[in-house]
Amino acid sequence: SMCQNCLVKTIHSVHSHFGWDNSFTPVETVAPGSMLEFKCMDSSNGYFTSASTVNDVANMSFDQINPVTGPIFIEGAEPGDILKITLDSFKPSGFGWTANIPGFGLLSDQFQSPSLALWHYDKDTLEPAAFSDFAKVPLKPFAGTIGLAPAEAGLHSVVPPRRVGGNLDI
């Protein structure tokens with residue numbers, strides 16, 4: 001479908017928060033059909049870098065996990081409406097990480113020691129990234145956490161325990 005309002009507006013990562021709350025002031029108001037570009041942080045909110053080590057895993061702050069960028073107000077949208085959002089493309093950074101964080105995530109009872117793998121890949125070709133000397137992992141960017149603020153007042157977190165969520169990688 002054609003964009004009704006094709007002026008692309010950029011929403012920068014400084015406009016992020018941790019959860020959904022309908023009292024947050026929108027950083028942008030757009031008409032239905034608008035195209036937006038989001039410059040988002042990763043799920044660690046930039047905590048892990050190329051210089052990170054496994055020792056950094058233990059010091060990770062859980063109140064900074066899964067930042068969401070926005071919020072955006074859509075003209076005419078009301079509580080109870082269903083919104084269709086098309087994710088047109090992703091522009092990966094060339095860096096990523098995978099961590100085992102003790103006490104967090106699936107199988108946390110079975111994998112209790114911290115670990116950290118840092119990923120460097122070609123952000124233009126998305127060639128599979130090397131995982132040790134024995135394997136390559138295909139790269140498939142995904143949206144991570146996306147959602148709508150509910151009509152109910154208060155903060156709705158994106159990390160457990162959650163009242164509402166929108167984590168698309170699960």
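The values are calculated or read from the model by the stated rules, or taken from the named source; none is laboratory data. Please read these numbers as outputs of a predicted model, since none were measured by experiment. Note that we place each Cβ from the backbone using ideal geometry, even for glycine, and neighbour counts take in every protein chain shown. Please note that ligands, DNA and RNA were not included when accessible areas were found on the heavy atoms of the full protein model with its side chains. Shrake-Rupley method; radii C 1.70, N 1.55, O 1.52, S 1.80 Å.
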In the stretch 13-52, the residues that are at pLDDT below 90, of a type in the set (A, V, I, L, M, F, W, C) and part of a strand (DSSP E or B): Trp20
Of all residues in the stretch 68-85 being of a type outside the set (A, V, I, L, M, F, W, C) and without any contact (Cβ under 8 Å) to a residue 60 or more places away in the chain, the one that is least open to solvent (accessible area, probe 1.4 Å): Gly70
Cβ-Cβ under 7 Å pairs, at least 6 apart or on other chains, the stretch 38-50 side under 21 Å from Leu87 (Cα atoms) and among the aliphatic types (A, V, I, L, M), far side modelled with pLDDT under 90 and surrounded by 13 or more Cβ atoms within 10 Å (Cβ to Cβ): Met41/Ser13; Met41/Ser16; Met41/Pro67
Condition broken by Asn55, with the remaining ones in (1) open to solvent by 60 Å² or more (accessible area, probe 1.4 Å); (2) in contact with a strand residue (DSSP E or B) (Cβ under 7 Å, 6 or more places away or on another chain); (3) not in a loop (DSSP other than H, G, I, E, B) satisfied: (2)
Filtered residue count, the stretch 106-122, keeping only those that are more than 22 Å from Cys40 (Cα to Cα) and open to solvent by less than 70 Å² (accessible area, probe 1.4 Å): 3
Members of the stretch 58-82 found to be among the charged types (D, E, K, R) and part of a loop (DSSP other than H, G, I, E, B), listed by number: Glu75, Glu78, Asp81
Filtered residue count, the stretch 23-41, keeping only those that are farther than 30 Å from Phe95 by Cα and either touching a His at 6+ places or on another chain (Cβ under 9 Å) or open to solvent by less than 50 Å² (accessible area, probe 1.4 Å) (or both): 4
Every pair of residues 6+ apart whose Cβ atoms lie under 6 Å, when the first sits in the stretch 109-123 and is touching a residue at least 60 places away in the same chain (Cβ under 8 Å) while the second is aliphatic (A, V, I, L, M) and surrounded by 15 or more Cβ atoms within 10 Å (Cβ to Cβ): Pro114/Val57; Leu116/Val57; Leu116/Ala99
The listed residue being within 25 Å of Val8 (Cβ to Cβ) and either part of a loop (DSSP other than H, G, I, E, B) or open to solvent by 50 Å² or more (accessible area, probe 1.4 Å) (or both), out of Thr98, Thr125: Thr125
Candidate set from the stretch 128-141 (those that are without any contact (Cβ under 8 Å) to a residue 40 or more places away in the chain and in a loop (DSSP other than H, G, I, E, B)); member that is nearest to Asp56 (Cα to Cα): Ser132
